[in-house]
């Protein structure tokens, strides 16, 4: 606290995650009119001056809407006995009251059970979970706003979200709306990391007890983003064929996460040239195939995950066929491809009028068969 009062406040550091100095100064400029010399005066005025109580301190907190939705809060506010912002921080958030019309606390917790579990422990509130965790992972704040779709449509915002510098809804309310960026409703389901939940929290509990019934409680969106994870170790000689086949896919809504396991060749340079918009993770050592896939998984944004070896080439309908199978078979939770040899088998025909024997290993060795 001492550091904040002596230094942090003057450096523009926020006192908590629901106060943004830049937003406050910009959004409430008609009230402020450059009458304060520093941030300390700004925040003191906001907390003490009742004329400032209806100013918005953050894109996700709308004090006028909050007062209109909570008559008990408004009753004390009208008597100048209560600050709506402080009420939300101290009581409203833990009572699961919504901070703005596009953040539905109960919906958020029902559709993201992991958030529900954390909130139940008292470790954080729903809005804190969204700002610290959910927003970075593309969780939607309500059925009226599809966060993952907004991030997919606005890659500049997605880059900021991955760094924890913003979230989809905050950006839309603070910037995107004024720039006429589009958003869409989420509908009746919420994406839960790699799947879309259409069930209740009770359904989630049932799933945890019967994990083999997973697809009974999940729906795929109409055109889900698929994260293709490729682990590579000195596979430069394979990559041209693989990259070319991926660029020819008929289903185009995918991202590629290329995890290099400490290669000594020019794999990363080649892959960056082949598919420059890939996410390339260069490890300084070989951590093993399984762990490299896990690293790729943690960097993924997809609703579905596809694991692909670096020494393969895929048919142009590869992704489409896999997705189509899952979409039309609700009892299927995972699919795999038919794997074929890269080149046709070599047929060898032996003919003789006399009895003979053949040394198969020698013949195969002579043919350089691998």
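How about the range 38-71: which of its residues are part of a helix (DSSP H, G or I) and under 18 Å from residue 101 (Cα atoms)? Reasoning before the result, please.
If we filter the range 38-71 for residues that are part of a helix (DSSP H, G or I), which is where we start, we get 39-48, 50-52, 63-69, 71.
Across the range 38-71, the qualifying residues are 63, 64, 65, 66, 67, 68, 69, 71.
For residue 52, work out the one condition from (1) within 31 Å of the chain's Cα centre (by Cα); (2) not assigned by TED's automatic domain parsing to the domain that holds residue 145 it doesn't fulfil.
Exception for residue 52: condition (1).
Would you check which residues across the range 69-89 are surrounded by fewer than 17 Cβ atoms within 10 Å (Cβ to Cβ) and in contact with a helix residue (DSSP H, G or I) (Cβ under 7 Å, 6 or more places away or on another chain) and list them?
If the condition is that a residue be surrounded by fewer than 17 Cβ atoms within 10 Å (Cβ to Cβ) and in contact with a helix residue (DSSP H, G or I) (Cβ under 7 Å, 6 or more places away or on another chain), then 74, 80 are the ones that fit.
Select from the range 308-350 the residues that are at pLDDT below 80 and outside any loop (DSSP other than H, G, I, E, B) and write down the one among them that is farthest from residue 238 (Cα to Cα).
The extreme case among them is 328.
Evaluate the range 82-89: report whether one residue or more is at pLDDT 80 or above and touching a strand residue (DSSP E or B) at 6+ places or on another chain (Cβ under 6 Å).
At the first step, the residues of the range 82-89 found to be at pLDDT 80 or above are 82-89.
Narrowing further to those that are touching a strand residue (DSSP E or B) at 6+ places or on another chain (Cβ under 6 Å): none.
No, because not a single residue in the range 82-89 is at pLDDT 80 or above and touching a strand residue (DSSP E or B) at 6+ places or on another chain (Cβ under 6 Å).
Please indicate, with yes or no, whether at least one residue in the range 23-30 is under 17 Å from residue 174 (Cβ atoms), in a loop (DSSP other than H, G, I, E, B), at pLDDT below 90 and under 31 Å from the mean Cα position of the chain (by Cα). First the steps, then the outcome.
Let us first name the residues in the range 23-30 that are under 17 Å from residue 174 (Cβ atoms), namely 23-30.
Now drop any that are not in a loop (DSSP other than H, G, I, E, B), which leaves 28.
The next check asks that each one be at pLDDT below 90; those that pass are 28.
From what's left, under 31 Å from the mean Cα position of the chain (by Cα): none.
Among the residues of the range 23-30, not one is under 17 Å from residue 174 (Cβ atoms), in a loop (DSSP other than H, G, I, E, B), at pLDDT below 90 and under 31 Å from the mean Cα position of the chain (by Cα), which makes the answer no.
I need the helices (runs of 4 or more DSSP H) fully contained in the range 105-145, keeping only those with at least 2 residues that are in contact (Cβ under 8 Å) with a residue 24 or more places away in the chain and surrounded by fewer than 23 Cβ atoms within 10 Å (Cβ to Cβ). Even if it seems obvious, please write down each step before you answer.
Numbers: elements: 105-111, 113-121, 126-129.
Helices (runs of 4 or more DSSP H) meeting the threshold: 105-111, 113-121.
Hey, any hits in the range 173-192 for a residue that's at pLDDT 75 or above, touching a helix residue (DSSP H, G or I) at 6+ places or on another chain (Cβ under 7 Å), farther than 30 Å from residue 313 by Cα and in a helix (DSSP H, G or I)?
Yes, the range 173-192 has at least one match.
Scan the range 292-308 and tell me whether some residue there is over 24 Å from the mean Cα position of the chain (by Cα) and not assigned by TED's automatic domain parsing to the domain that holds residue 150. Break it down into steps so the answer makes sense when it comes.
To start, the set of residues in the range 292-308 that are over 24 Å from the mean Cα position of the chain (by Cα) comprises none.
Checked against the condition, which is being over 24 Å from the mean Cα position of the chain (by Cα) and not assigned by TED's automatic domain parsing to the domain that holds residue 150, the range 292-308 yields no hits at all.
Is there a residue in the range 51-67 that is more than 30 Å from residue 185 (Cβ to Cβ) and loosely packed, with under 14 Cβ neighbours inside 10 Å?
Filtering the range 51-67 for residues more than 30 Å from residue 185 (Cβ to Cβ) gives 51-53.
Among the residues that remain, those that are also loosely packed, with under 14 Cβ neighbours inside 10 Å are: 51.
Taking every residue of the range 51-67 in turn, at least one turns out to be more than 30 Å from residue 185 (Cβ to Cβ) and loosely packed, with under 14 Cβ neighbours inside 10 Å.
Residue-by-condition table, conditions (1) surrounded by fewer than 12 Cβ atoms within 10 Å (Cβ to Cβ); (2) touching a helix residue (DSSP H, G or I) at 6+ places or on another chain (Cβ under 8 Å); (3) under 28 Å from residue 278 (Cα atoms):
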{"residue": "309", "(1), (2), (3)": "no, no, yes"}
{"residue": "328", "(1), (2), (3)": "yes, no, no"}
{"residue": "348", "(1), (2), (3)": "yes, yes, no"}
{"residue": "359", "(1), (2), (3)": "yes, no, no"}
{"residue": "365", "(1), (2), (3)": "yes, no, no"}
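The values are calculated or read from the model by the stated rules, or taken from the named source; none is laboratory data. Just so it is clear, the model here is predicted, and its values are computed rather than measured. No Cβ is skipped: glycine too gets one built from the backbone with ideal geometry, and neighbour counts run over all protein chains shown.
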